[in-house]
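Presented below is the structure to which this report refers.
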Amino acid sequence: MVKLNIFNMKRFLQTVNECGGPVHLLHSNGRKENINKAYGIQNALLQKYRENKGYLQLSLDVPAHKDYMRIVCFTIGDC
């Protein structure tokens, strides 16, 4: 699991959609949703991001190591 603060939602979603496996969004009730190429869920996240004036905090579970590293590297490089 990784907790992220997203400031560049467009690039974040591009990174997620480049992943080969699932990228699970973790909800506070324990439910998981795969957001990889799930454009309806991504649009809802984008709306929340806009409502928060360009900021969104997410908890993700990324089972594939390569995909996990892709998302972590995006987060480190997105300053």
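We did not get these values from a lab; they are worked out from the coordinates using the rules stated. Because the structure is a prediction, the values reported are computed rather than measured. Positions of Cβ are generated from backbone atoms using ideal geometry, with glycine treated the same way; all protein chains shown enter the neighbour counts.
Quick notes
- Sub-8 Å Cβ pairs linking a first residue in segment 35-47 that is under 21 Å from Gly21 (Cβ atoms) to a second residue that is of a type outside the set (A, V, I, L, M, F, W, C), at least 6 apart or interchain, are Ile35/His24; Ile35/Gln42; Asn36/Asn17; Asn36/Gly21; Asn36/Pro22; Lys37/Asn17; Ile41/Glu33, ordered by first then second residue.
- Identification of strands (runs of 3 or more DSSP E) wholly contained in the chain with 1 or more residues that are more than 11 Å from the chain's Cα centre (by Cα) and either surrounded by 13 or more Cβ atoms within 10 Å (Cβ to Cβ) or not β-branched (Val, Ile, Thr) (or both) yields 32-34.
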